[in-house]
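*Asks:* This is the structure I have questions about; it appears just below.
The values are calculated or read from the model by the stated rules, or taken from the named source; none is laboratory data. Nothing here was measured: the structure is a model prediction, and the numbers come from that model. Cβ atoms come from the backbone with ideal geometry, glycine included; neighbour counts cover every protein chain shown. Heavy atoms of the whole protein, side chains included, go into the accessibility calculation; ligands, DNA and RNA do not. Shrake-Rupley method; radii C 1.70, N 1.55, O 1.52, S 1.80 Å.
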Amino acid sequence: MADTLISGLLAGYGVAIPVGAIGVLILGLSARTSLRIGAAAGMGVATADGLYAIIAVLGGAAIASIITPIATPLRIVAACVLIAMAIRIAVTAWQHHLDPARAAQVPALSSVPRAYAGLLGLTLLNPTTVIYFTALVIGHQASSSATGGGAQVVFVVAAFAASASWQLFLAASGSALGRYLGGPRGRLATAVVSSLLIIALAIKLLV
């Protein structure tokens, strides 16, 4: 069981730690708004990772074979959503910089439910995560005698906990950055840099 726990933790960190467009989005969101909203966004990502881990242990091999043919269209959709979100972040930040009164209005992802649901949905557009977890689950089952329901639960919980801890670390890092760049120019700069990074990483998804 300990081996399964370690495998789950490594799987969760393995899929979460590479900072891609989602990680940059969490950092920027937390820096511009609050740790609470950034943490909600991070938990949305972790929930998606947990759901994909559940899918993997329940029948990922069969599901992966269905998802693989449509992985490219889903990746294109995810990239387009990220680019649109990046543009919205930059435009909204510029409008707020020119007219500070606009900052009182609530933009997309600026509440806890919206941040959680938005990042959950966006992360679920990445089908390679379930394929990743499936490969790890099958490999672990092939080399371990712990293949029962208890081992599967441990794997899923460990993977979710690892992903959640990393996403919350990103949110806390973004919040700390926001305290130093909390002025009008700082908020504009973080929004523009975040948007450019998200667009670059979204383009990387396409190529």
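*Asks:* Go through 89-95, 52-58, 71-77, 118-124 and give me the packing order, highest mean Cβ count within 10 Å leading.
*Replies:* Put in order of decreasing packing, that is 52-58, 118-124, 89-95, 71-77.
*Asks:* Could you provide, to the nearest whole Å², the per residue accessible area of the stretch 1-47 with probe 1.4 Å?
*Replies:* Ligands and nucleic acids excluded, the figure is 38 Å² per residue.
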